[in-house]
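Have a look at this one.
The values are calculated or read from the model by the stated rules, or taken from the named source; none is laboratory data. Bear in mind that the values here come from a model prediction, so they are computed numbers and not experimental data. Here Cβ is always computed from backbone atoms with ideal geometry, including for glycine, and neighbour counts include all displayed protein chains.
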Amino acid sequence: MDVAMSVADREDFLAEPWIGVLAVRDSRGDRAPLQVPVWYDYRPGGDVVVVMGQSSLKARLIRESGRFTLCAQDPVMPPRYVSVEGPVIAIDEPMDPAVFEAMAHRYLEPEEAESCLKRNRMLSEEQIAVRMRPEHWWTTDYRKIG
């Protein structure tokens, strides 16, 4: 049985606020790729947007590589996941603070989002938004098995 998702299903799944795992090639010798959990934003047919510190290791490696992978998974059994890889098409420096505000409201309840935004207001000046154009997709939905 084919457990791959349709184009519409994979895009709808990725548009949900899962915690993503970003992976990027690590150029520091013989290391495995760097993998870190991230908040992300995605709208069907659009680009993946990830926010990070401008001087973070992941930002440096993404600049070097020019591409990254993002995997989002539903932890409820039976599992589903979408993994998407592609080129970086833009790095917003400085980042518009509205990007982080939208991200906080995507992942948190309204009161939690406001509290998060107040605590991190100073950090927004040090943040960048990295935009990736999905090029390669891998999907699995084990719910199709029954």
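Within segment 81-107, track down each residue that is acidic (Asp, Glu) and surrounded by fewer than 15 Cβ atoms within 10 Å (Cβ to Cβ).
Of the residues in segment 81-107, the ones acidic (Asp, Glu) are 85, 92-93, 96, 101.
Once the filter is applied, which keeps residues that are acidic (Asp, Glu) and surrounded by fewer than 15 Cβ atoms within 10 Å (Cβ to Cβ), segment 81-107 yields Asp92, Glu93, Asp96.
Next question, about the same structure. Surrounded by fewer than 17 Cβ atoms within 10 Å (Cβ to Cβ), in contact (Cβ under 8 Å) with a residue 40 or more places away in the chain and either within 18 Å of Ala129 (Cβ to Cβ) or out of contact with any His (no Cβ under 8 Å at 6 or more places or on another chain) (or both), is that true of Ser65? Let's see the steps before the verdict.
Working: surrounded by fewer than 17 Cβ atoms within 10 Å (Cβ to Cβ): yes; in contact (Cβ under 8 Å) with a residue 40 or more places away in the chain: yes; either within 18 Å of Ala129 (Cβ to Cβ) or out of contact with any His (no Cβ under 8 Å at 6 or more places or on another chain) (or both): yes.
In short, yes.
Might you let me know whether segment 36-52 holds any residue that is closer than 24 Å to Lys144 by Cβ, among the aliphatic types (A, V, I, L, M) and either within 11 Å of the chain's Cα centre (by Cα) or modelled with pLDDT of 95 or more (or both)?
Of all residues in segment 36-52, those closer than 24 Å to Lys144 by Cβ come to 42, 44-45.
Okay, now just the ones that are also among the aliphatic types (A, V, I, L, M), so none.
Among the residues of segment 36-52, not one is closer than 24 Å to Lys144 by Cβ, among the aliphatic types (A, V, I, L, M) and either within 11 Å of the chain's Cα centre (by Cα) or modelled with pLDDT of 95 or more (or both), which makes the answer no.
Could you list all residues from segment 112-126 that are of a type in the set (A, V, I, L, M) and at pLDDT 80 or above? Steps first, please.
Within segment 112-126, the subset of a type in the set (A, V, I, L, M) is 113, 117, 122-123.
Matches in segment 112-126: Ala113, Leu117.
What number of residues in segment 50-103 are out of contact with any Gly (no Cβ under 7 Å at 6 or more places or on another chain) and either closer than 26 Å to Glu114 by Cβ or hydroxyl-bearing (Ser, Thr, Tyr) (or both)? Spell out the reasoning first.
Initial filter on segment 50-103 (out of contact with any Gly (no Cβ under 7 Å at 6 or more places or on another chain)): 50-58, 60-66, 68-69, 73-86, 89-103.
Among the residues that remain, those that are also either closer than 26 Å to Glu114 by Cβ or hydroxyl-bearing (Ser, Thr, Tyr) (or both) are: 50-56, 65, 69, 81, 83, 92-103.
Going through segment 50-103 one residue at a time, the tally reaches 23.
Does segment 88-121 hold any residues that are of a type in the set (A, V, I, L, M) and closer than 18 Å to Ala59 by Cβ, and which are they? Give the steps one after another, and end with the answer.
Of the residues in segment 88-121, the ones of a type in the set (A, V, I, L, M) are 88-91, 95, 98-99, 102-104, 108, 113, 117.
Of everything in segment 88-121, those that are of a type in the set (A, V, I, L, M) and closer than 18 Å to Ala59 by Cβ turn out to be Val88, Ile89, Ala90, Ile91, Met95, Val99, Met103.
Which condition number does Val51 fail, the rest of (1) surrounded by 12 or more Cβ atoms within 10 Å (Cβ to Cβ); (2) touching an Asp or Glu at 6+ places or on another chain (Cβ under 8 Å) being met?
It fails just one condition, (2).
Further question on the same structure: What strands (runs of 3 or more DSSP E) completely inside segment 77-146 contain at least 1 residues that are closer than 28 Å to Arg25 by Cβ, within 16 Å of the chain's Cα centre (by Cα) and without any contact (Cβ under 8 Å) to a residue 60 or more places away in the chain?
Working: elements: 80-92, 127-132, 136-141.
Because the criterion is at least 1 residues that are closer than 28 Å to Arg25 by Cβ, within 16 Å of the chain's Cα centre (by Cα) and without any contact (Cβ under 8 Å) to a residue 60 or more places away in the chain, the strands (runs of 3 or more DSSP E) in segment 77-146 that meet it are 80-92, 136-141.
Now a separate question. Among Pro94, Pro78, which is modelled with pLDDT of 90 or more, of a type outside the set (Asp, Glu) and farther than 20 Å from Gly45 by Cβ? Working first, answer last.
Working: Pro94 fails: modelled with pLDDT of 90 or more.
Going through Pro94, Pro78 in turn, the sole match is Pro78.
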